[in-house]
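**Student:** Would you mind keeping the following structure in view while I ask a few things?
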Amino acid sequence: MKKFQVRRSTSLLLILAMLTACVPFTAWLNQASAEAGSSSEPLLIPVSEDTYVQGGTSSNNNYGGSTTLKLKRTSSENRDMFLKFNLPTIDGFVEEAVLQLFVKGIESATLSSPEKGYNIDVRGIDDDSWTEMGLTYSNAPTEQGLVLDTVFVGESQIGSYVSLDVTSFVKAHQDATITLRLRGVDSSRGADYASREDAATGKPAQLVLAIGEKQVLTEAPELSAESGHERVELAWTEVAGALGYTVKRASSPEGPYETLAAQTTALLYVDEPVVNGETYYYKVSAYNEAGPGPDSDMATGAPIFPLQVSITGIKDMKGQAVAQLDDTRFAIIEAEASNVGVESAEARIVFRLLDASGTSVAKVTTVKRLASQEQTALKAGFQLPADAAGYEVDVQIELVEEGAIR
């Protein structure tokens, strides 16, 4: 299998610019290899199917056997080009992918325009169902695709290749069949390009791939976990050479681990909502073209409700502690509220007086913003009946935004 090791400072498009200057292929190949720092060459993929479609009165015509591919945009009969490439199994990964079209000629009206040429663009589409001898304007894929690159085709390009960068589409594509759709950008301008049926020219469209060697990842990310209310925030260090990261979670240290995120490029992931009071176990691994790297050390998350409150004492009007509420006619309830979360929170604290049946007969409510890790003392007073046997007090705290009483 052919490999092409490319130095990051050497662009495949720059190397291919030599073709535009009509450098003989052998000389170009030798110089390209030398500049790339490798004795191996780019991988050249000839087009397997090519045709164009034309609208208007020619909507049902097929041009699959034509020696010329036309590319033009008008108000009535657009001529779009369709190219299909079958990629072989590659021992490595695609670093760059460049489409090359050979320009046979340019329409006279286009050459006489002020720009003396026109722009064309290339798009990648996922619909590979079309065939060279069956495609027409009427049955062409409706998928438009995103523009990958644009190039100017002018008088100086006649008799040479023009190059368009299609790297992003080829690298992201999930199967070995690549369909590219080309369009004219400027209205009423057009040119002719060599098809694979053009034996006289012998320069069909081709994909030129720069192939890099797969580098196996040996480094594991360093993972940390910060727990909050119904959430665990994960952060990890970057791994050199990684394309992305996989985040996994388990309910026990031994697993099994389920995948939460399979192809995230971030260095941060928030797992929410999760259940307060439960413990969660996490691992993260990097991946690249060679596959996944080693797992990080396990990190533990234990989400909790951030607001806590408890009664610290009950006193009478003189400030003396009382053991039970029927020992006094007026009780001062002392409590302490805290925010153990990592963010400030608006808290509603509710003191309640309960009779012997547990029914709330009086309450005192206060709202206070608590900073992260803040503790604060609170008081509430209740007038008690003459017979307060069996009476009790309790205190509750809730997030104002969510109303989740705890």
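**Student:** Test of understanding: what is the full-extension gain from Val147 to Asp297, defined as 0.36 nm times their sequence separation minus their Cα-Cα distance? Show your work: numbers first, answer last.
**Tutor:** Details: separation 150, 0.36 × 150 = 54.00 nm, distance 4.19 nm.
Stretched out fully, the Val147 to Asp297 stretch lengthens by 49.8 nm.
**Student:** Please find the FRET efficiency linking Ser251 to Glu115, where r is the Cβ-Cβ separation and R0 is fixed at 51 Å, and quote it to the nearest 0.05.
**Tutor:** That pair, Ser251 with Glu115, gives E of 0.20.
**Student:** Enumerate the amide H contacts of Glu374 below 5 Å, restricted to partners 5 or more residues apart or on another chain; note that Pro and chain-start residues carry no placed amide H.
**Tutor:** HN-HN under 5 Å from Glu374: Asn339.
**Student:** How large is the helix-only mean residue ellipticity at 222 nm for the chain, computed as the sum of -39500 (n - 2.57) over DSSP H runs with n ≥ 4, divided by its residue count, in deg cm²/dmol to the nearest 500?
**Tutor:** Dividing the helical sum by the residues of the chain leaves -2000 deg cm²/dmol.
**Student:** Here is a follow-up. Once you keep just the Cα pairs under 8 angstrom separated by 6 or more residues, what percentage relative contact order results for the chain?
**Tutor:** Value for the chain: 14 percent.
**Student:** Grab the beta carbon distance between Glu278 and Gln396, set R0 = 22 Å, and tell me the FRET efficiency rounded to 0.05.
**Tutor:** 0.50
**Student:** Can you tell me the FRET efficiency between Arg329 and Ser224 if r is taken as the Cβ-Cβ distance and R0 is 60 Å, rounded to the nearest 0.05?
**Tutor:** Efficiency computed from Cβ-Cβ geometry: 0.65.
**Student:** Shape verdict for the range 317-406, please, from the Cα gyration tensor: rounded (a/c under 1.5), prolate (a/b greater than b/c) or oblate.
**Tutor:** Prolate, since a/c reaches 1.5 and a/b exceeds b/c.
**Student:** For the range 341-374, which trypsin sites (Lys or Arg not before Pro) are both in a DSSP coil and crowded by at most 10 other Cβ atoms within 10 Å? Could you put the intermediate results ahead of the total?
**Tutor:** Numbers: sites: Arg348, Arg352, Lys363, Lys368, Arg369; in loops: none.
Answer in residue order: no site qualifies.
**Student:** Using +1 on the beta carbon of Lys and Arg, -1 on that of Asp and Glu, and nothing else charged, what's the dipole of the range 257-334 about the Cα centre, debye to 20? Numbers along the way, then the final one.
**Tutor:** Details: 4 positive and 11 negative charges, 82 e Å.
Charge dipole, the range 257-334, about its Cα centre: 400 debye, nearest 20.
**Student:** May I pose another question? Could you tell me what fraction of 2.2 N^0.38 Å the Cα radius of gyration of the chain comes to, as a two-decimal ratio?
**Tutor:** Relative to the 2.2 N^0.38 Å estimate, the chain comes out at 1.65.
**Student:** What area, in nm² and to one decimal, does the C-alpha convex hull of the range 182-266 cast on average over all directions?
**Tutor:** 12.8 nm²
**Student:** Using unit Cβ charges (K, R positive; D, E negative) and no other charged atoms, how large, in debye to the nearest 20, is the dipole of the range 223-301 about its Cα centre?
**Tutor:** 100 debye
**Student:** Now for a different question. Which one of Leu99, Val162, Leu146 is farthest out on the positive end of the charge dipole of the range 12-212, using unit charges on Cβ (Lys, Arg +1; Asp, Glu -1) and the Cα centre as origin?
**Tutor:** Val162
**Student:** Report, in listed order, any pair from Lys171/Lys203; Lys70/Lys116; Lys84/Lys116; Lys70/Lys171; Lys318/Lys379 with a Cα-Cα distance greater than 23 Å.
**Tutor:** Those over the limit are Lys171/Lys203; Lys84/Lys116; Lys70/Lys171.
**Student:** Further question: Dividing the Cα radius of gyration by the Kirkwood radius, what Rg/Rh value follows for the range 175-218?
**Tutor:** On the way: Rg = 17.2 Å, Rh = 14.7 Å.
Value, to two decimals: 1.17.
No value in this document is a laboratory result; all are computed from the given coordinates. Every value quoted in this text rests on a predicted model; they were computed, and no experiment measured them. Neighbour counts run over all protein chains shown; Cβ positions are idealised from the backbone, glycine included.
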